[in-house]
Amino acid sequence: MRVLLMIALLCAAPMARATDGGQDRVVRIHAPDVLVETGLMRHILPRFSLKTGQRVVLVDDPAGADLRLGAQGAPLFQGMGQVWALEIATPDDPGTARLVGWLTGTVGTRTILGFAPDGTVLFQPPDRVEVAKAPVRIDGDAKAGHTISRVKCGRCHAVDAAGRKTDIGSTPSFFVLRSLPDWDQRFAAFYALNPHPAFTQVPEVTPPFPIDRPSPIVPIAITLDELEAVMAYVAVIDAADLGAPLAHQ
């Protein structure tokens with residue numbers, strides 16, 4: 001009974017509309033009433049908070065929000081006659097980056113698209129607009145990047161053929177990640193994407209670990225120059241062949 005009460009309190013807290021001053025480790029998000037009234041925010045925010053421990057509050061004033069759902073920003077999903085986009089007001093805040101990573105990642109997307117009150121699905125992925133992508137220019141040392149990848153990333157990811165025997169099976173290999181159309185963006189901001197913030201430090205970029213939440217494993221420290229070298233290495237490896245996309249009937 002006590003466990004159920006704690007879960008209920010955690011679920012309720014993120015949905016409170018914030019009216020007080022700033023609080024540590026709280027991300028503020030604004031959504032128009034028409035979207036809030038669907039129940040979507042009550043559906044997704046508690047799930048994010050329970051998964052990450054990051055508090056999120058829904059605010060009435062968009063000017064005071066870290067994130068805003070509306071017509072401006074990067075398209076996130078569509079429904080109710082419009083495309084809903086995500087506008088980021090505080091991109092350098094770790095909590096904001098964590099929520100953005102979740103909303104735009106696989107789990108967050110499935111949570112949004114799986115919202116079906118009364119059995120009716122309300123939202124779909126946004127229509128894709130084909131945009132010519134400029135060639136990725138990476139100036140790092142690929143050879144050094146291979147070595148850095150083995151030292152910094154090899155305990156979880158397979159970074160080369162030899163690493164397939166020592167990686168964690170639940171984590172994607174560098175070859176799989178290289179096959180993704182946005183692989184360069186994923187690598188460039190990997191330290192802000194879960195689970196990396198819990199154990200990764202980038203000097204002059206990431207904040208120190210909280211005193212009460214130290215790294216759960218031996219932490220990884222990587223400089224931006226080293227990251228550039230890693231990306232140069234990933235740019236020249238062969239992407240995994242994942243086959244044709246699944247056809248749904």
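Each peptide in 235-241, 189-195, 71-77, 204-210 receives the mean, over its residues, of other Cβ atoms within 10 Å, and ordering these scores from highest gives 189-195, 71-77, 235-241, 204-210. With a Förster radius of 22 Å, plug the Cβ-Cβ distance of Ser215 and Arg155 into 1/(1 + (r/R0)^6) and report the FRET value to the nearest 0.05. Here the calculated transfer efficiency is 0.95.
Once you have a ≥ b ≥ c as the square roots of the Cα gyration tensor eigenvalues for the stretch 10-119, tell me rounded if a/c is under 1.5, and otherwise prolate or oblate according to whether a/b is larger than b/c.
Rounded, since a/c falls under 1.5.
All of the numbers you see were taken from the coordinates with simple rules; none came from a lab. Just so it is clear, the model here is predicted, and its values are computed rather than measured. When we count neighbours, we look across all protein chains shown, and the Cβ atoms used for this are built from the backbone with ideal geometry, even at glycine.
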